[in-house]
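Taking it in order: structure first as structure tokens, then the write-up.
Just so you know, all these numbers are worked out from the coordinates, no wet-lab data involved. Given the structure is predicted, the values throughout are model-derived calculations rather than measurements. Here the Cβ positions follow ideal geometry from the backbone for every residue, glycine too, while neighbour counts run over all protein chains shown.
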Amino acid sequence: MAAHRARRWSFGGLACLAAAALTTAVLFNTSGPAANRASAATVQTWSDDFDGAAGSAPNSSKWTLETGGGGNGNHELQYYTNSTNNAALDGNGNLVITARKNGDTGLQCWYGTCQYTSARLNTAKTFTQAYGHYEARIKVPRGQGVWPAFWMLGDNLGSAGWPNSGEIDIMENIGKEPGTVHGTIHGPGYSGAGGIGAAYTLPNGKAFADDFHVFAVDWSPNAITWSVDGQNYETRTPADVNGNKWVYDHPFFIILNFAVGGDWPGSPDSGTSFPQTMTVDYVHVTTSDTGSGSGSGGTSRTGAIKGIGDMCVDVAGASSADETPIQLHNCNGADAQKWTLGSDGTVRALGKCLDVKAASHDDGAAVQLYTCNGTKAQQWTYTAARDLTNTGADKCLDAKGNSSADGTRLQIWTCSGNANQKWTVG
């Protein structure tokens, strides 16, 4: 029952995570039981297949590498680095997180000179989502004292604190239990030793380190279901938290890490060889398009947004920089023209949100790409009349000057029903 943890946030990384949590918005809300997922159409909302050259760093537009050796509340022994010595692509479509014995006397941990280095990656700055199917294919390390994990924390960590922000442990393994993984939730009144969870053990004495396995959760407003290789083994609902608050009603971000030692697994022993590796083939997140959220009519959909002259809404220069203008452009299928209308009301491309500059309510206010922040300037409603309305200003997305020319800038304007305010999604 996951009696291992006092808390999982990183002392060294908390400030970073808190700032990210306060500036990251909901992505896509869904509803309905996870058991219905197979019969519902799904939309992939985020993924990393770790394609890239051998030795290259993880994609910084998707992952932040935490650093530090504070022990993370569990007396862990590793120092997390941002070096490719500890987290790198292998050139074969995998992320490899490597724990090594440390030879750098300058790296200090809570107990003195650090004995090990490793890596911990999160998506707090780049991706959060409430509800959906979260899945990773992972080959875990082996040996006494190893502790790989695939898990999530609430994006309100900086304001609510842990455990009020919530924690969903999708997969944890400790080396002294080579054939077993754990799935756990931590929240107010059921954290640390009181975390609520269950274990899954491979049949016939097999070890998880022998091969890749798929670890997943299906998360809906009223249930979280864990699975290994497609086999469900645990479901938790609000009835399981013994009258405490069910805090799984807001966006969470993803974490991959490989800890060494700590209160739960214990320290490595003479039989544990180093380096040890946690190999991740992919991380995929999907959501049902039958959600009941607000904003875009209760669904999430991804595709081109076409307007006057059958021109596509486009991020100028395919830049993901804040304040990049949004324009009409000849449709070309590029990522700069792939937009997701989420059931939370956001409209996203290149990992950022469609935004009214300076949160203006004025006719002619420019529309731009900007880091998602949950403000009304980034809330949109797509109507049956094909208007795309900013709910903060109560005005329509509008092609400037009623033009369909390549490069025409987009703005907000009082809704008029004209052709330059009509949009087709998908």
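Per residue, the average separation of C-alpha pairs within less than 8 Å and at least 6 apart gives the range 182-255 a relative contact order of 26 percent.
Can you order the peptides 353-359, 372-378 by their average number of other Cβ atoms within 10 Å per residue, highest first?
Put in order of decreasing packing, that is 353-359, 372-378.
A straight Cα-to-Cα reach below 27 Å connects LYS125 with the lysines LYS62, LYS139, LYS245, LYS338, LYS352, LYS357, LYS376, residues fewer than 8 places away in its own chain not being considered. Charges were assigned to the Cβ only: +1 to each Lys and Arg, -1 to each Asp and Glu. The resulting dipole of the range 209-256 about its Cα centre is roughly 320 debye.
Excluding same-chain residues fewer than 8 positions from LYS176, which aspartates and glutamates have a Cα within less than 19 Å of its Cα? Cross-link targets: GLU76, ASP210, ASP211, ASP263, ASP269.
Decide, for the range 103-235, between rounded, prolate and oblate: order the square roots of the alpha carbon gyration tensor eigenvalues as a ≥ b ≥ c, take rounded if a/c falls under 1.5, and otherwise choose prolate if a/b is larger than b/c, else oblate. It is oblate, given that a/c is not under 1.5 and a/b is not larger than b/c. Evaluated with a Cβ-only charge set (Lys, Arg +1; Asp, Glu -1), the chain carries a dipole of roughly 220 debye about its Cα centre, given to the nearest 20.
Which ordering of THR105, THR391 is given by a fewest-first count of other beta-carbon atoms within 10 Å?
On the way: THR105 9, THR391 15.
So the residues, fewest neighbours to most, are THR105, THR391.
Exposure proxy for PHE212, PHE253: other Cβ atoms within 10 Å of each Cβ, ordered fewest to most, give PHE212, PHE253. Each 20 Å bin from zero up to the one holding the largest Cα-Cα distance in the chain carries the following percent of pairs: 26, 52, 20, 1. Report, to the nearest 10°, how far helix 14-23 tilts away from the longest principal axis of the Cα atoms in the chain, using its own Cα long axis and a range of 0 to 90°. With rounding to tens, the tilt is 20 degrees.
Would you mind ranking VAL140, VAL347, VAL43 by Cβ crowding within 10 Å, fewest neighbours first? Provide the component values of the computation, followed by the final result.
Values: VAL140 30, VAL347 25, VAL43 21.
Exposure proxy ranking, most exposed first: VAL43, VAL347, VAL140.
In terms of packing, defined here as the mean over residues of other Cβ atoms within 10 angstrom, the peptides 409-415, 395-401 line up highest first as 395-401, 409-415. Residues in the range 69-80 carry Karplus couplings, in order, of x, x, x, 6, x, 10, 6, 5, 9, 7, 9, 7 Hz; the curve used is 6.51 cos²θ - 1.76 cosθ + 1.60 with θ = phi - 60°, and Gly or Pro positions show x.
With θ set to phi - 60°, apply the Karplus curve 6.51 cos²θ - 1.76 cosθ + 1.60 along the range 229-241 and write out the HN-Hα couplings as whole Hz, x wherever there is a Gly or Pro. These are the phi-based 3J(HN,Hα) values: 6, x, 9, 5, 10, 7, 9, 10, 10, x, 5, 7, 9 Hz. The packing ranking, built from the mean of other Cβ atoms within 10 Å per residue, places the peptides 114-126, 225-237, 159-171 in the order 114-126, 159-171, 225-237, highest first.
Counting pairs of alpha carbon atoms under 8 Å apart in space and at least six apart in sequence, what relative contact order in percent does the chain give?
Numbers: 1237 pairs, mean separation 80.3, N = 426.
This gives 19 percent for the chain.
Tell me, rounded to the nearest percent, the portion of alpha carbon pairs in the range 301-425 spaced more than 20 Å apart.
Working: 2398 of 7750 pairs.
When every Cα pair of the range 301-425 is considered, 31 percent fall beyond 20 Å.
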